[in-house]
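Here's the structure, in structure tokens; my notes come after.
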Amino acid sequence: MSRKIAILGGTGPLGSGLALRWVRAGETVIIGSRDAERAQTCAGQILERVRSAAPLLGLEHPYPLTGADNASAVGSADVVVLAVPFEGHASLLKKLKPVFKTNTILIDATVPLAASVGGRATRTLGVWQGCAAQQAAELAPQGVAVAAAFQNLSAELLGGDAAMDCDVIVCADDPRRPKGGR
């Protein structure tokens, strides 16, 4: 069953890399941005890359990718990926809280780097809740499941054309999911 995936911060390197990979895999993706026109432009650029590489990659499916403002993207998605810099994390979630649908899955890919407050990009910030995903869980509306994932992926590699051979660490504590389940 295919679900619509909204990527908030989809115009950035991580978000656009995830969008590129998922569109190539046939997923329906909505790039979210504060600026809908910027999101649509980014979606167009990704679609051009996918179309030009389609014969080489053996892709024959339609490419369901659009761009929208963040609120529209969240309101129409079943899965929302948060790929924004940490400094905008809490304010964005607070602003979008009313538009999340019940049973949406929120995947937080945020890494709280010290660079977001003027420090080194090689250091992380302490988050009162424990991590960015736990902060997201506090700020998300009731009925939205939150997981942390994709923090260990290179945005540069995601945005490329080469195959990626790596594991993705996913952490969640959704009580609706049995322990050890898939």
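The values are calculated or read from the model by the stated rules, or taken from the named source; none is laboratory data. Values in this document were obtained by computation on a predicted structure and should not be read as measured data. Here Cβ is always computed from backbone atoms with ideal geometry, including for glycine, and neighbour counts include all displayed protein chains.
Brief remarks follow.
- Near pairs, Cβ below 6 angstrom, 6+ apart or cross-chain, from segment 25-54 (within 15 Å of ALA83 (Cα to Cα)) to any residue that is assigned to a helix (DSSP H, G or I) and aliphatic (A, V, I, L, M): VAL29/ALA19; VAL29/VAL23; ILE30/ALA73; ILE31/ALA19; ILE31/ALA39; ILE31/ALA43; GLY32/ALA73; SER33/ALA39
- Residue satisfying all of: in segment 91-108; of a type in the set (A, V, I, L, M, F, W, C) and outside any helix (DSSP H, G or I); surrounded by the fewest Cβ atoms within 10 Å (Cβ to Cβ) among these: ILE105
- Residue list for segment 4-18, restricted to those being surrounded by fewer than 18 Cβ atoms within 10 Å (Cβ to Cβ) and touching a strand residue (DSSP E or B) at 6+ places or on another chain (Cβ under 7 Å): LYS4
- Hey, ALA115 modelled with pLDDT under 90, in a helix (DSSP H, G or I) and under 22 Å from GLN135 (Cβ atoms) or not: yes
- For segment 87-109, filtering for residues that are within 14 Å of GLY32 (Cβ to Cβ) and of a type in the set (Val, Ile, Thr) leaves 3.
- Scanning segment 46-100 for residues that are among the acidic types (Asp, Glu), more than 18 Å from SER2 (Cβ to Cβ) and at pLDDT below 95 returns GLU48, GLU87.
- Pairs are defined by a Cβ separation below 8 Å, a sequence spacing of at least 6 or placement on different chains, a first member in segment 135-156 that is within 26 Å of LEU20 (Cβ to Cβ) and among the β-branched types (Val, Ile, Thr), and a second member that is surrounded by 21 or more Cβ atoms within 10 Å (Cβ to Cβ) and modelled with pLDDT under 90; the pairs so defined are VAL146/ALA133; VAL146/ALA136; VAL146/ALA137.
- Among residues of segment 75-90 that are crowded, with 24+ Cβ neighbours inside 10 Å, those with a Cβ under 8 angstrom from a residue that is of a type in the set (D, E, K, R) and assigned to a loop (DSSP other than H, G, I, E, B), sequence gap 6+ or separate chain, pair up as ALA77/ARG3; ALA77/LYS101.
- Pairs, first farther than 11 Å from LEU157 by Cα in segment 1-21, second at pLDDT 95 or above and basic (Lys, Arg), C-beta under 7 Å, six or more apart: THR11/ARG38
- Taken together, the residues in segment 128-152 that are touching a helix residue (DSSP H, G or I) at 6+ places or on another chain (Cβ under 8 Å) and either modelled with pLDDT of 85 or more or β-branched (Val, Ile, Thr) (or both) amount to 8.
- Residue, surrounded by the fewest Cβ atoms within 10 Å (Cβ to Cβ), within segment 19-42, restricted to residues that are of a type in the set (A, V, I, L, M) and farther than 14 Å from LEU8 by Cβ: ALA25
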